[in-house]
Amino acid sequence: FYLADKIVMISVIILICLFQAQRFGTDRVGYTFAPIIFIWFAFIELIGIYNFIKYDPMVIKAFNPAYIIHYFTRNKKEAWVSLGGVVLCIT
């Protein structure tokens, strides 16, 4: 199997388990899948830290509010459109 095939199979197995466990109630499902979600977020955090260290740690400069002011004064309406896309991705 390729890695993508394994990922799909694991996802299908998790979904089947999730739908089978639904009949026991949402509290049982939440209790069962909480460790899976914790592991998922831990991997996302580790990958983020790895990429932050490996590539450019200066990305932290993006939190400076002066950059967003400059972005909006430079791009006008297009800045608001791109902000809408960012908010949509976050939610």
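Along region 61-71 the Karplus relation, 6.51 cos²θ - 1.76 cosθ + 1.60 evaluated at θ = phi - 60°, assigns HN-Hα couplings of 4, 5, 7, 6, x, 5, 5, 5, 5, 4, 4 Hz to successive residues, with x for each Gly and Pro. Full extension of the chain segment joining Arg74 with Asn51 gains 5.4 nm, where the gain is 0.36 nm per residue of separation less the Cα-Cα distance. Between the labelled values [x] 5.9; [y] 7.5; [z] 9.6, the entry that holds mean projected area of the Cα convex hull in nm² as derived from this structure is [z]. With K and R counted +1 and D and E -1, the other residues having a Cβ less than 13 Å from that of Cys17 yield a net charge of +2.
Any read-out appearing in this document is the output of simple, stated calculations on the displayed coordinates, not a laboratory observation. Because the structure is a prediction, the values reported are computed rather than measured. Cβ coordinates were reconstructed from backbone atoms using ideal geometry, including for glycine residues, and neighbour counts include every protein chain displayed.
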